[in-house]
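Step one of this worksheet: look at the structure below.
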Amino acid sequence: YNENTYMLDGANITDPVTGTFSVNFNYDAIEQIEVVLGGYEPEYGVSLGGIINLVTETGTNNLEFDTSVFYLNGDWRPKMDQRYAADGFTLAPTGFDSTYADLQVASKISGPVVRDRAWFIISYQWDRTLIANTGIPVPRDYSGHYVLAKLTVQPTSEHRFTSFIQLQPTTIDNQIQGDPFVKPEAQERQVQGGYITQFRWQWFLN
């Protein structure tokens with residue numbers, strides 16, 4: 001699982017530490033997912049596993065908008081139920097005084113800037129997760145803001161220009177969930193998140 005290569009619109013977004021993806025964003029902005037398992041082109045020669053290439057939407061001549069809200073609360077189900085899936089994967093905390101809740105709010109808008117010549121897409125998602133293991137007085141509080149913007153301009157059939165930016169400022173409070181003796185005021189806070197910018201010129205010979 002840590003030998004794959006993850007790409008976003010052709011840019012390598014593989015986390016060099018974990019070997020997994022390093023970017024979060026609204027999945028509604030994905031146009032297609034390409035998975036390559038063998039016979040790589042030369043640009044993928046550094047991968048030992050598969051290639052997962054996410055292609056974001058470009059926008060069309062139609063103005064489109066969508067929004068969604070997802071909420072999951074593990075406290076609504078009986079406590080002390082099974083903690084592991086059939087394959088042995090650990091599930092979210094479900095026993096005794098543990099807690100688990102996740103809220104995702106997302107929206108996306110796309111459409112033309114100049115019909116048949118330029119298009120845009122703007123996407124945003126807020127994700128907040130609260131997880132407290134058994135015996136821990138305060139939950140781990142994850143709050144991430146995922147912003148994506150893309151502009152595509154095609155003045156002629158031979159040339160296409162694309163500019164892209166993705167941001168994900170994120171904070172994680174109360175990270176120490178393995179020790180019930182750590183007081184709430186002694187918990188640690190992590191601030192993370194970076195950005196990706198890209199400018200591409202495609203020339204279609206014909």
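Which parts of the range 115-135 would a label at Glu158 reach, counting a residue when its backbone N lies under 20 Å from a point 7 Å out along Cα-to-Cβ? What the label zone holds, given the 20 Å backbone N cut-off, is 117-118.
Surface composition of the chain: carbon and sulfur make up 59 percent of the accessible area, probe 1.4 Å. Between Thr170 and Asn62, the modelled labels are 3.3 nm apart [label points 7 Å from Cα along Cα→Cβ]. Placing +1 on the Cβ of every Lys and Arg and -1 on the Cβ of every Asp and Glu, with no other charges, gives the range 99-187 a dipole of roughly 420 debye about its Cα centre. Taking the centroid of alpha carbons for each part, the range 96-134 and the range 41-71 are 15 Å apart. Counted without the sites themselves, the longest stretch of the chain free of GluC sites (Glu not before Pro) in a DSSP loop having at most 14 other beta carbon atoms within 10 Å is 4-157. Near Asn174: Cβ cut-off under 12 Å, other residues only, Lys/Arg at +1 and Asp/Glu at -1. The net charge is -2. Protection proxy ranking, highest mean first, for peptides 5-16, 194-205: 5-16, 194-205, where packing is the per-residue count of other beta-carbon atoms within 10 Å, averaged.
Shown in residue order for the range 124-129 are the 3J(HN,Hα) couplings computed by the Karplus curve 6.51 cos²θ - 1.76 cosθ + 1.60 at θ = phi - 60°: 9, 8, 10, 10, 10, 10 Hz (x for Gly and Pro).
The dipole here belongs to the chain: it is taken about the Cα centre, uses +1 on the Cβ of Lys and Arg and -1 on the Cβ of Asp and Glu, and is about 340 debye.
The values are calculated or read from the model by the stated rules, or taken from the named source; none is laboratory data. Note that this is a predicted model, so its numbers are computed, not measured. Please note: Cβ atoms are built from the backbone with ideal geometry, for glycine as well, and neighbour counts cover all protein chains shown. These area figures cover heavy atoms from the full protein model, side chains too; ligands, DNA and RNA do not enter into them. Shrake-Rupley method; radii C 1.70, N 1.55, O 1.52, S 1.80 Å.
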